[in-house]
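Chemist: This is the structure, below, for whatever I ask next.
The values are calculated or read from the model by the stated rules, or taken from the named source; none is laboratory data. Everything quoted here is computed from the prediction, not taken from an experiment. As a convention, Cβ positions derive from the backbone with ideal geometry for all residues, glycine included, and neighbour counts pool all protein chains shown. Surface areas here come from the heavy atoms of the whole protein model, side chains and all, with no ligands, DNA or RNA. Shrake-Rupley method; radii C 1.70, N 1.55, O 1.52, S 1.80 Å.
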Amino acid sequence: AQTVTQSQPEMSVQEAETVTLSCTYDTSESDYYLFWYKQPPSRQMILVIRQEAYKQQNATENRFSVNFQKAAKSFSLKISDSQLGDAAMYFCAYRSLWEGAQKLVFGQGTRLTINP
Amino acid sequence: DSGVTQTPKHLITATGQRVTLRCSPRSGDLSVYWYQQSLDQGLQFLIHYYNGEERAKGNILERFSAQQFPDLHSELNLSSLELGDSALYFCASSVGGGHYGYTFGSGTRLTVV
(Lines give C-alpha, C1' and ligand atoms only; values in the text may rest on other atoms or scores of the structure.)
Protein backbone atom coordinates (compact mmCIF):
# COMPACT_ATOMS: atom_id res chain seq x y z
CA ALA A 1 0.00 0.00 0.00
CA GLN A 2 1.12 3.50 -0.71
CA THR A 3 2.05 5.84 2.11
CA VAL A 4 2.63 9.58 2.20
CA THR A 5 4.83 11.28 4.78
CA GLN A 6 4.98 14.95 5.67
CA SER A 7 7.81 15.30 8.13
CA GLN A 8 7.13 18.92 9.12
CA PRO A 9 4.09 19.15 11.42
CA GLU A 10 4.45 22.95 11.54
CA MET A 11 6.19 25.63 9.51
CA SER A 12 6.22 29.40 9.71
CA VAL A 13 7.33 32.08 7.29
CA GLN A 14 7.40 35.84 7.11
CA GLU A 15 4.92 37.48 4.82
CA ALA A 16 6.34 37.97 1.30
CA GLU A 17 9.03 35.32 1.86
CA THR A 18 9.29 31.88 0.26
CA VAL A 19 8.61 28.62 2.06
CA THR A 20 8.94 24.99 1.03
CA LEU A 21 6.82 22.18 2.44
CA SER A 22 8.18 18.65 2.20
CA CYS A 23 6.44 15.45 1.18
CA THR A 24 7.76 11.98 0.49
CA TYR A 25 5.82 8.94 -0.57
CA ASP A 26 6.30 5.25 -0.93
CA THR A 27 5.00 3.31 -3.92
CA SER A 28 5.98 0.51 -6.23
CA GLU A 29 4.00 2.00 -9.10
CA SER A 30 5.64 3.85 -11.95
CA ASP A 31 2.75 6.12 -12.85
CA TYR A 32 0.51 8.00 -10.46
CA TYR A 33 -0.77 11.45 -9.55
CA LEU A 34 0.31 13.71 -6.74
CA PHE A 35 -1.58 16.61 -5.24
CA TRP A 36 -1.27 19.36 -2.68
CA TYR A 37 -4.42 20.40 -0.88
CA LYS A 38 -4.88 23.40 1.40
CA GLN A 39 -7.23 23.39 4.39
CA PRO A 40 -7.73 26.88 5.85
CA PRO A 41 -9.56 27.48 9.15
CA SER A 42 -12.83 27.27 7.23
CA ARG A 43 -12.08 23.49 6.94
CA GLN A 44 -12.66 23.50 3.19
CA MET A 45 -10.18 21.28 1.32
CA ILE A 46 -8.90 23.24 -1.66
CA LEU A 47 -6.82 21.79 -4.47
CA VAL A 48 -3.60 23.78 -4.83
CA ILE A 49 -1.62 21.92 -7.45
CA ARG A 50 -1.44 18.61 -9.29
CA GLN A 51 1.45 16.64 -10.80
CA GLU A 52 1.38 13.68 -13.15
CA ALA A 53 4.28 11.33 -12.42
CA TYR A 54 4.97 10.64 -16.09
CA LYS A 55 5.58 14.33 -16.72
CA GLN A 56 9.07 15.46 -15.82
CA GLN A 57 8.16 19.13 -15.86
CA ASN A 58 7.32 20.51 -12.43
CA ALA A 59 3.79 21.88 -12.11
CA THR A 60 3.26 25.58 -11.40
CA GLU A 61 0.15 27.50 -10.40
CA ASN A 62 0.83 31.20 -9.91
CA ARG A 63 2.83 31.52 -6.65
CA PHE A 64 2.73 27.76 -6.04
CA SER A 65 5.18 25.36 -7.61
CA VAL A 66 6.41 21.86 -6.90
CA ASN A 67 9.77 20.14 -6.96
CA PHE A 68 8.99 16.63 -8.11
CA GLN A 69 11.86 14.18 -7.72
CA LYS A 70 10.52 10.84 -8.93
CA ALA A 71 13.57 8.75 -8.13
CA ALA A 72 13.70 10.13 -4.62
CA LYS A 73 9.89 9.87 -4.28
CA SER A 74 9.78 13.45 -3.15
CA PHE A 75 7.13 16.07 -3.92
CA SER A 76 7.72 19.40 -2.19
CA LEU A 77 5.56 22.50 -2.46
CA LYS A 78 7.11 25.94 -2.78
CA ILE A 79 5.05 28.99 -1.96
CA SER A 80 6.55 32.25 -3.18
CA ASP A 81 5.67 35.73 -1.93
CA SER A 82 3.74 34.25 1.01
CA GLN A 83 0.49 35.99 1.87
CA LEU A 84 -1.55 35.99 5.05
CA GLY A 85 -4.25 34.07 3.22
CA ASP A 86 -1.83 31.19 2.68
CA ALA A 87 -2.04 30.30 6.36
CA ALA A 88 -3.57 26.82 6.48
CA MET A 89 -2.94 23.11 6.85
CA TYR A 90 -1.34 21.70 3.73
CA PHE A 91 -1.81 18.07 2.76
CA CYS A 92 0.15 16.10 0.23
CA ALA A 93 -1.80 13.32 -1.46
CA TYR A 94 -1.14 10.36 -3.76
CA ARG A 95 -3.49 8.76 -6.24
CA SER A 96 -2.73 5.53 -8.02
CA LEU A 97 -3.19 5.35 -11.77
CA TRP A 98 -4.95 2.03 -11.31
CA GLU A 99 -8.68 2.52 -11.81
CA GLY A 100 -9.45 0.15 -8.97
CA ALA A 101 -7.73 2.42 -6.48
CA GLN A 102 -9.08 5.88 -7.09
CA LYS A 103 -8.81 7.04 -3.51
CA LEU A 104 -6.45 9.76 -2.40
CA VAL A 105 -3.88 8.76 0.20
CA PHE A 106 -3.04 11.75 2.36
CA GLY A 107 -0.07 12.71 4.47
CA GLN A 108 -0.57 13.92 8.03
CA GLY A 109 -0.38 17.57 7.02
CA THR A 110 1.82 20.59 7.70
CA ARG A 111 0.40 23.61 9.50
CA LEU A 112 1.73 26.78 7.86
CA THR A 113 1.73 30.05 9.76
CA ILE A 114 2.38 33.36 8.03
CA ASN A 115 3.95 36.05 10.21
CA PRO A 116 3.09 39.65 9.25
CA ASP B 1 -18.71 27.57 -2.77
CA SER B 2 -17.08 24.44 -4.20
CA GLY B 3 -20.30 23.08 -5.66
CA VAL B 4 -20.28 20.07 -3.33
CA THR B 5 -22.95 20.44 -0.65
CA GLN B 6 -22.83 18.62 2.65
CA THR B 7 -25.53 18.69 5.29
CA PRO B 8 -25.68 19.15 8.16
CA LYS B 9 -22.58 21.23 8.92
CA HIS B 10 -22.62 20.27 12.57
CA LEU B 11 -24.16 17.33 14.39
CA ILE B 12 -24.09 16.50 18.07
CA THR B 13 -25.50 13.17 19.15
CA ALA B 14 -25.24 10.62 21.93
CA THR B 15 -23.42 7.33 21.98
CA GLY B 16 -25.39 4.46 20.54
CA GLN B 17 -27.37 6.68 18.19
CA ARG B 18 -27.58 6.62 14.39
CA VAL B 19 -27.04 9.58 12.08
CA THR B 20 -27.17 10.21 8.34
CA LEU B 21 -24.83 12.59 6.55
CA ARG B 22 -25.81 13.84 3.15
CA CYS B 23 -23.76 14.92 0.17
CA SER B 24 -24.75 16.45 -3.16
CA PRO B 25 -21.90 16.29 -5.66
CA ARG B 26 -20.88 19.06 -8.02
CA SER B 27 -23.06 19.19 -11.10
CA GLY B 28 -21.82 16.70 -13.68
CA ASP B 29 -19.67 14.69 -11.27
CA LEU B 30 -20.47 11.00 -11.16
CA SER B 31 -18.04 9.95 -8.43
CA VAL B 32 -18.56 10.53 -4.73
CA TYR B 33 -15.95 9.79 -2.08
CA TRP B 34 -16.30 9.86 1.69
CA TYR B 35 -13.41 10.67 4.00
CA GLN B 36 -13.09 10.86 7.77
CA GLN B 37 -10.73 13.41 9.30
CA SER B 38 -9.78 12.95 12.92
CA LEU B 39 -6.90 14.39 14.91
CA ASP B 40 -5.13 11.09 15.46
CA GLN B 41 -5.90 9.34 12.15
CA GLY B 42 -5.67 12.19 9.68
CA LEU B 43 -7.73 11.94 6.49
CA GLN B 44 -8.93 8.38 5.98
CA PHE B 45 -10.72 7.12 2.89
CA LEU B 46 -14.02 5.44 3.67
CA ILE B 47 -15.81 4.59 0.44
CA HIS B 48 -16.18 5.52 -3.25
CA TYR B 49 -19.31 5.42 -5.40
CA TYR B 50 -19.48 5.92 -9.13
CA ASN B 51 -22.84 6.52 -10.78
CA GLY B 52 -24.69 4.61 -8.09
CA GLU B 53 -22.29 1.70 -7.79
CA GLU B 54 -19.83 1.06 -4.99
CA ARG B 55 -16.33 1.08 -6.44
CA ALA B 56 -13.97 0.86 -3.49
CA LYS B 57 -14.00 0.55 0.26
CA GLY B 58 -11.38 1.80 2.62
CA ASN B 59 -11.22 1.78 6.39
CA ILE B 60 -14.96 1.86 6.83
CA LEU B 61 -16.38 0.24 9.93
CA GLU B 62 -19.19 -2.29 9.65
CA ARG B 63 -21.34 0.13 11.66
CA PHE B 64 -21.02 2.58 8.78
CA SER B 65 -22.72 2.26 5.41
CA ALA B 66 -23.26 4.47 2.41
CA GLN B 67 -25.18 4.64 -0.82
CA GLN B 68 -25.46 6.80 -3.89
CA PHE B 69 -28.91 7.47 -5.27
CA PRO B 70 -30.07 7.82 -8.90
CA ASP B 71 -29.88 11.60 -8.64
CA LEU B 72 -26.20 11.06 -7.61
CA HIS B 73 -26.50 12.42 -4.10
CA SER B 74 -24.97 10.20 -1.46
CA GLU B 75 -25.67 9.42 2.16
CA LEU B 76 -23.31 8.10 4.82
CA ASN B 77 -25.04 6.29 7.64
CA LEU B 78 -23.27 5.92 10.96
CA SER B 79 -24.86 3.69 13.59
CA SER B 80 -24.16 2.55 17.16
CA LEU B 81 -22.05 5.65 17.50
CA GLU B 82 -19.07 5.69 19.80
CA LEU B 83 -17.06 8.59 21.22
CA GLY B 84 -14.25 7.72 18.82
CA ASP B 85 -16.49 8.38 15.82
CA SER B 86 -16.32 12.09 16.56
CA ALA B 87 -14.62 13.60 13.51
CA LEU B 88 -15.01 15.75 10.46
CA TYR B 89 -16.61 13.81 7.62
CA PHE B 90 -15.88 15.03 4.12
CA CYS B 91 -17.58 14.24 0.89
CA ALA B 92 -15.74 14.87 -2.36
CA SER B 93 -16.75 14.46 -5.98
CA SER B 94 -15.09 14.12 -9.36
CA VAL B 95 -16.19 13.73 -12.94
CA GLY B 96 -14.68 10.29 -13.31
CA GLY B 97 -11.78 8.81 -11.42
CA GLY B 98 -10.39 11.97 -9.95
CA HIS B 99 -7.30 12.23 -12.15
CA TYR B 100 -7.57 15.98 -11.89
CA GLY B 101 -8.28 15.94 -8.18
CA TYR B 102 -11.44 15.98 -6.20
CA THR B 103 -13.72 18.82 -5.23
CA PHE B 104 -14.45 18.65 -1.54
CA GLY B 105 -17.46 19.79 0.40
CA SER B 106 -17.08 21.80 3.58
CA GLY B 107 -17.58 18.76 5.78
CA THR B 108 -19.90 17.66 8.57
CA ARG B 109 -18.52 18.02 12.08
CA LEU B 110 -19.85 15.07 14.11
CA THR B 111 -19.56 15.17 17.87
CA VAL B 112 -20.59 12.10 19.84
CA VAL B 113 -21.19 12.74 23.54
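Chemist: For segment A:44-55, enumerate the residues that are closer than 13 Å to B:T103 by Cα, without any contact (Cβ under 8 Å) to a residue 40 or more places away in the chain and assigned to a loop (DSSP other than H, G, I, E, B).
Modeler: Once the filter is applied, which keeps residues that are closer than 13 Å to B:T103 by Cα, without any contact (Cβ under 8 Å) to a residue 40 or more places away in the chain and assigned to a loop (DSSP other than H, G, I, E, B), segment A:44-55 yields only A:Q44.
Chemist: Only one of these is open to solvent by 40 Å² or more (accessible area, probe 1.4 Å), more than 10 Å from every other protein chain (Cβ to nearest Cβ) and at pLDDT below 95: A:K78, A:K55, A:K73. Name it.
Modeler: Selected residue: A:K55, the only one of A:K78, A:K55, A:K73 that is open to solvent by 40 Å² or more (accessible area, probe 1.4 Å), more than 10 Å from every other protein chain (Cβ to nearest Cβ) and at pLDDT below 95.
Chemist: I'm trying to understand the selection: among the residues of segment A:18-44, which are more than 19 Å from A:R63 (Cβ to Cβ) and of a type outside the set (S, T, N, Q)?
Modeler: A:Y25, A:D26, A:E29, A:D31, A:Y32, A:Y33, A:P41, A:R43
Chemist: Applying the selection to segment B:72-113, what residues are assigned to a loop (DSSP other than H, G, I, E, B), over 14 Å from B:H48 (Cα atoms), more than 8 Å from every other protein chain (Cβ to nearest Cβ) and open to solvent by 10 Å² or more (accessible area, probe 1.4 Å)?
Modeler: Result: B:S79, B:S80, B:E82, B:S86, B:V113.
Chemist: Filter segment A:19-49 for residues that are surrounded by 13 or more Cβ atoms within 10 Å (Cβ to Cβ) and polar (S, T, N, Q); which is farthest from B:G58 (Cα to Cα)?
Modeler: Looking at the filtered set, the residue picked out is A:T20.
Chemist: Further question on the same structure: In segment B:21-52, which residue that is hydroxyl-bearing (S, T, Y), open to solvent by 10 Å² or more (accessible area, probe 1.4 Å) and over 18 Å from A:T3 (Cα atoms) is farthest from the other protein chains (Cβ to nearest Cβ)?
Modeler: Only one residue tops the list, namely B:S27.
Chemist: Pick from segment B:21-71 the residues that are of a type in the set (S, T, N, Q), in a strand (DSSP E or B) and out of contact with any Lys or Arg (no Cβ under 8 Å at 6 or more places or on another chain): which of them is farthest from B:S2 (Cα to Cα)?
Modeler: Selected residue: B:S65.
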